[in-house]
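Here the structure is laid out as structure tokens; the discussion comes afterwards.
The values are calculated or read from the model by the stated rules, or taken from the named source; none is laboratory data. Since the model is a prediction, treat every value here as computed from it, not as a measurement. So basically every Cβ, Gly included, is an ideal-geometry build from the backbone, and we count neighbours across all protein chains shown.
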Ligand SMILES: Cc1cc2nc3c(=O)[nH]c(=O)nc-3n(C[C@H](O)[C@H](O)[C@H](O)COP(=O)(O)OP(=O)(O)OC[C@H]3O[C@@H](n4cnc5c(N)ncnc54)[C@H](O)[C@@H]3O)c2cc1C
């Protein structure tokens, strides 16, 4: 069983960030961490990185930017690699899951956490207030918002982007178009709906412009189209009704637009978890995304541990100090000779911990050689090597990948 990562998290919004952190921030004393990859197509923080998104209560408001800054800082501190790319497909090939990206690469893992929100983001953030308008969540204000925007004539056209649910709003937008702008509706999603000649089906690949929006790159079935425009309206309500992030990415795995999960954020496919706006049955919000991400991260950790070690990890989040430990309490499980050490830390940190006598080992912590292979090559006792490796695990600088199927 070969795989690149223990866990791949798709989507770097609040749900994906907190999930990725939780797979590595295993607070239990001396716990075995996971190797985790995060893939995000746009800026980190997802929708929560946009102004307008606020974490609120009746008498308080917190700018999620503050929380997101801490989440991204932790991604960095925990040395979680981030790939900026678009995930185009996720496959569940038995034990190993495969994540395909737009650049043609395939990343494999024991578990995948889908945290793709309601829409794949591109570079919207760069053009907010610079020709890119978004409708506020909820339809209460939409008519007055549309009236204001459509009072002007936008040259060469106004592009309205939404999911397939935008079709329902298109007649209203056409009728309110008092400025006489040429309109172009971009419907994102797999379903083919409507037959209007002012409508294009495809996905936004990016927005362009110098200082202000000047056009949209759209991926269509016939290739990329570059369409100039004077302004863009992103109709967010349509995505809340029908998310587009799943279109093509996981529609081979789940057949509803939102993903159904249990209370551990586990989907119907073992080893595939989901968190945040992409999940079914909730009120899309920042706090829900963060808390679901945290649960998904911990559940994925437990799933991977069981796969590799053949036993459930201990339930304690912290080492219990006020009562006797039971006989079977595992801090770090017995580390089998077949496991392959896999680097998690930074080269300098690892070298410092290893010291001069063991410095050669840092070059071996790649995940290619098993513990017994490394020991045989250097003619050192396996038990001595395991002690050093256990020390690196305690410091969360390495983890292990299984060489062959689940160990028992
Ligand atoms: C304007 C606005 C105002 C809001 N106001 C509030 C508010 O006041 N209070 C509140 O609680 N919530 C608010 N929200 C909602 C809140 O921001 C979201 O509920 C929250 O961000 C959801 O987090 P998430 O991680 O599930 O998804 P997202 O934040 O959407 O993150 C998902 C990430 O996944 C990435 N992604 C998707 N598909 C792919 C793919 N195929 N490949 C690679 N990456 C992918 C996306 O680019 C995105 O970065 C607001 C949202 C908006 C847009």
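Taking region 1-16 as the range and being surrounded by 24 or more Cβ atoms within 10 Å (Cβ to Cβ), within 20 Å of residue 99 (Cα to Cα) and either over 19 Å from the mean Cα position of the chain (by Cα) or within 15 Å of the ligand (Cβ to nearest atom) (or both) as the test, the residues that pass are 8, 9, 10, 11, 12, 13, 15, 16. One residue stands out among those in region 117-136 that are part of a loop (DSSP other than H, G, I, E, B) and touching a strand residue (DSSP E or B) at 6+ places or on another chain (Cβ under 6 Å): the one that is nearest to the ligand (Cβ to nearest atom), which is 122.
Condition check ((1) modelled with pLDDT under 95; (2) at positive phi; (3) surrounded by fewer than 17 Cβ atoms within 10 Å (Cβ to Cβ)) across all residues:
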| site | (1), (2), (3) |
| --- | --- |
| 97 | no, no, no |
| 101 | no, no, no |
| 105 | no, no, yes |
| 110 | no, no, no |
| 119 | yes, no, no |
| 137 | yes, no, yes |
| 154 | no, no, no |
| 162 | no, no, no |
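All conditions in (1) within 30 Å of residue 240 (Cα to Cα); (2) surrounded by 22 or more Cβ atoms within 10 Å (Cβ to Cβ); (3) touching a residue at least 40 places away in the same chain (Cβ under 8 Å); (4) touching a strand residue (DSSP E or B) at 6+ places or on another chain (Cβ under 6 Å) hold for residue 301, with the sole exception of (4). Scanning region 47-62 for residues that are near the ligand (Cβ under 6 Å from one of its atoms) and out of contact with any strand residue (DSSP E or B) (no Cβ under 8 Å at 6 or more places or on another chain) turns up 47, 48, 53.
In the condition set (1) under 26 Å from the mean Cα position of the chain (by Cα); (2) under 25 Å from residue 18 (Cβ atoms); (3) modelled with pLDDT under 90; (4) surrounded by 19 or more Cβ atoms within 10 Å (Cβ to Cβ), residue 317 is compliant with all but (4).
Output yes when any residue across region 380-402 is out of contact with any helix residue (DSSP H, G or I) (no Cβ under 9 Å at 6 or more places or on another chain) and assigned to a loop (DSSP other than H, G, I, E, B), and no when none is. No, the conditions are met nowhere in region 380-402.
Report yes if residue 278 is touching a strand residue (DSSP E or B) at 6+ places or on another chain (Cβ under 6 Å) and under 23 Å from residue 336 (Cβ atoms), otherwise no. Here the answer is no, as residue 278 does not meet what is asked. Could we say that residue 90 is within 13 Å of the ligand (Cβ to nearest atom), surrounded by 13 or more Cβ atoms within 10 Å (Cβ to Cβ) and either over 21 Å from residue 276 (Cα atoms) or in the same structural domain as residue 37 (by TED's automatic domain parsing) (or both) here? Judged against the criteria, residue 90 is a match.
Entry remark, region 30-46: residues being more than 8 Å from the ligand (Cβ to nearest atom), in contact (Cβ under 8 Å) with a residue 60 or more places away in the chain and in a strand (DSSP E or B) number 1 in total. Selection within region 17-29: residues that are over 17 Å from the mean Cα position of the chain (by Cα) and more than 14 Å from residue 400 (Cβ to Cβ). The member of this set that is nearest to the ligand (Cβ to nearest atom) is 27.
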